[in-house]
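Rule-based calculations on the coordinates, nothing more; no lab input. Quantities reported herein were computed from a predicted structural model and do not represent experimental measurements. Ideal geometry is used to build each Cβ from the backbone, glycine not excepted, and the neighbour counts take in all protein chains shown.
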Amino acid sequence: MTKINAQHIVDIIQFSFDACAFTAIGEVFRQTCGTSMGNQISPILSTCAIVSTEITWLRLCGQYVASAHLADQLWVRRYVDNRAIVVDKEALHTNPYIWQLASVQFYKKPVQLEDENCDDFLGFRINANNRQVCQRHLSNGYIPMSVFPWLAEKLPSELLRASALTRRGAPTMVFSSGAYCHAGSVGIRTNTRKYPWTSALLTHVDKYNQPSSSNVLVPLSPFRRGEHGY
């Protein structure tokens with residue numbers, strides 16, 4: 001076993017750049033720019049270059065974007081070399097520091113950003129419209145019934161057990177949010193954190209009911225095994 005000291009790190013990094021060879025379409029190529037594809041050290045090297053730029057920006061500009069973050073106008077996530085930014089259009093065009101962060105030239109060369117121009121991020125789909133629509137209706141204090149069919153089309157459905165699926169072949173979706181209690185464990189459902197405004201929209205409060213009165217649920221149609229809702 002070879003002991004690696006701090007002075008060996010530079011040589012290991014240089015070797016990783018010199019060994020950038022790969023095979024494609026039956027030929028061997030040498031990569032001349034960037035970290036080596038498939039090399040175990042490449043994600044670490046790329047992250048170091050990215051994080052140094054982010055820390056510098058955060059120290060210089062963090063105070064100028066904190067209010068936008070707290071006001072739910074800015075959401076940023078990065079996993080290795082995948083980055084996602086959801087930002088309010090007004091904040092993007094009026095705040096030069098947010099504009100700098102959202103630019104594809106943010107990291108400078110040799111780091112290059114590619115605009116994917118889609119809502120997919122690490123296997124998930126980010127839908128900022130759900131958040132905006134739900135927040136707007138909550139602010140207005142009135143929720144039209146047309147919002148709920150729209151949410152049923154936009155929100156992701158949870159996996160259903162075979163016993164819960166409709167026998168008629170009709171499309172079925174389930175979206176649950178809030179708290180859970182199962183086998184003595186309690187907690188907050190994942191959808192509550194992923195869709196806070198949608199969860200708030202779906203929360204029903206009978207604040208105008210007479211104290212000590214009872215609620216009544218009326219079925220829309222005959223059902224069994226959860227095939228239809230109320």
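Here are some notes:
- Within straight-line cross-link reach of residue 194, lysines at Cα separation under 16 Å, skipping those fewer than 8 residues along the same chain: 154
- If R0 equals 41 Å, the separation of the Cβ atoms of residue 117 and residue 213 corresponds to a calculated FRET efficiency of about 0.20.
- Compared with the alpha-carbon gap, the fully stretched path from residue 57 to residue 108 is longer by 17.1 nm at 0.36 nm per residue.
- Packing here is the average count of other Cβ atoms within 10 Å per residue, and on that basis the peptides 77-89, 55-67, highest first, run 77-89, 55-67.
- Ranking of 90, 114, 54 by count of other Cβ atoms within 10 Å, fewest first: 114, 90, 54
- For the pair residue 4 and residue 47 in one chain, pulling the backbone fully straight at 0.36 nm per residue adds 13.4 nm over the alpha carbon distance.
- Taking label points 7 Å from Cα along the Cα-to-Cβ direction, residue 81 and residue 147 give a separation of 4.2 nm.
- Peptides ranked, highest mean first, by Cβ atoms within 10 Å: ranges 149-156, 188-195: 188-195, 149-156
- Pair-distance distribution P(r) for region 41-126, from all Cα-Cα distances in 5 Å bins starting at 0: 3, 12, 24, 25, 21, 12, 3, 1 percent.
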